[in-house]
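Structure, as structure tokens:
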Amino acid sequence: MSFPTQDEGVTPFEEQAAKWCCLLAEDALDLSEQREFDAWICADPRHEEAFEKMVLVWQGADAIAEMPGFLSLRAQALTAMEEGQPDWHEPMPKRFVYMGAGFAAAVMLLAVLTGLVFIGNQSEIYTTGIGERRVVSLEDGSKLSLDAASSVEVTYSRERRALSIERGRAKFDVASDPLRPFIVTAGDKTVVAIGTAFSVELLPQQIRVFLYEGHVAVLDEAEATDLADASKLLADGSLSDRLFMPGQELILSTKARTATIAPGDVERSLSWEGGRLSFIDEPLSLAIERVNRTSDTPIVLGDAAAGRLIINGEFDAGDTAAFVSGVASLYPVRVSADEKKIVISSAKLKLPEK
């Protein structure tokens with residue numbers, strides 16, 4: 001096996017960071033060494049980034065120690081590191097002399113081996129609380145925007161980028177990677193995407209997919225048995241009958257096999273990212289579901305008829321009082337409230353006396 005040279009992968013920052021890892025692993029730093037380390041970290045933001053990366057590599061080396069197929073590769077890497085190391089008991093300034101391509105190659109090899117483990121097992125859950133929004137940069141360059149009270153599990157492997165919406169809504173700006181399809185699951189529906197931007201919202205009775213750019217295909221659970229093949233079919237146009245156009249919203253029922261494609265308003269569909277809630281001909285039941293993501297005092301429907309009222313308008317996220325006031329001023333409804341909830345009921349429904 002031939003090792004890559006320093007110019008072929010390991011940056012000078014990473015090599016310096018790896019040497020600090022070796023030194024820190026050997027023993028605690030003395031005062032002068034600690035000062036030199038602190039000065040090195042503060043000298044350039046890239047130093048801290050490289051050091052954190054090397055710490056992960058260093059910790060990951062033990063994690064793969066017993067994995068079949070990696071034993072001999074790890075042994076070669078560690079041998080190369082040992083051969084490239086200087087005398088660690090020399091004074092500090094001499095410890096960091098250039099260690100040559102062998103050491104750089106060893107660092108790169110350990111990074112690659114560890115990376116295989118991380119890619120194969122990496123799973124993260126990103127969540128937001130009520131009234132909170134969050135933007136996450138994923139490791140492949142994709143961006144995940146979470147609406148309030150939402151949760152997305154992200155699992156990356158060598159074969160695919162798999163995300164699952166557990167609740168709420170998220171927008172995905174997908175980095176193109178033809179070798180690893182970007183797959184989002186919500187309920188029993190699977191969205192397969194290639195370099196694109198779209199949002200998925202999981203509601204009690206609906207799944208809504210809004211496409212901003214690019215192409216996506218939405219598959220049923222039974223159709224998504226081979227997602228790698230599905231991605232290839234999407235790329236070559238074989239799933240053209242499953243595609244919809246940018247600026248359109250796909251509305252899927254969670255109770256029946258029905259789907260509707262409707263033209264959407266891009267600006268309004270993204271209003272939640274700016275702290276606004278926008279409704280266009282939405283049933284009150286759906287509007288309340290979204291309002292409740294932003295408020296500690298939930299709104300509850302007193303009857304099904306009230307939930308069918310159609311809502312239009314735009315409100316500040318978290319301003320539940322303004323939303324309730326607007327609904328009450330436009331529709332014949334009754335509003336009652338206590339410390340735990342706000343109840344909106346049809347005016348014809350007689351509320352029980354307290």
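Just one of the listed residues (342, 311) is under 23 Å from residue 169 (Cβ atoms) and at pLDDT 95 or above, namely 342. Counting only residues that are out of contact with any helix residue (DSSP H, G or I) (no Cβ under 8 Å at 6 or more places or on another chain) and aliphatic (A, V, I, L, M), the range 322-336 holds 4 of them.
Residues of the range 290-330 that are within 28 Å of the chain's Cα centre (by Cα), of a type outside the set (S, T, N, Q) and more than 21 Å from residue 205 (Cα to Cα): 296, 314, 315, 316, 317, 318, 319. Selection of strands (runs of 3 or more DSSP E) fully inside the range 134-198 by the criterion of at least 1 residues being crowded, with 18+ Cβ neighbours inside 10 Å returns 143-146, 151-156, 161-173, 182-186. Tell me, yes or no, whether the range 231-247 has at least one residue that is open to solvent by 20 Å² or more (accessible area, probe 1.4 Å), at pLDDT 75 or above and on the phi < 0 side of the Ramachandran plot. Yes - at least one qualifying residue is present in the range 231-247. The strands (runs of 3 or more DSSP E) found wholly in the range 252-347 and carrying at least 1 residues that are loosely packed, with under 13 Cβ neighbours inside 10 Å occupy 259-263, 276-283, 310-316. The set of residues in the range 274-313 that are among the β-branched types (Val, Ile, Thr) and free of Cβ contacts under 8 Å to residues at least 40 places away in the same chain comprises 280, 291, 310, 311. Of all residue pairs spaced 6 or more apart or on separate chains, those with beta-carbon atoms under 9 Å, a first member in the range 173-191 that is more than 24 Å from residue 256 (Cβ to Cβ) and among the acidic types (Asp, Glu) and a second member that is open to solvent by less than 10 Å² (accessible area, probe 1.4 Å) and not in a strand (DSSP E or B) are 173/142; 177/142.
The values are calculated or read from the model by the stated rules, or taken from the named source; none is laboratory data. Computed from a predicted model, the values in this text were never measured in an experiment. In this analysis, Cβ positions are derived from the backbone assuming ideal geometry, glycine residues included, and neighbour counts consider all displayed protein chains. Calculation scope for accessible area: heavy atoms of the full protein, side chains included, ligands and nucleic acids excluded. Shrake-Rupley method; radii C 1.70, N 1.55, O 1.52, S 1.80 Å.
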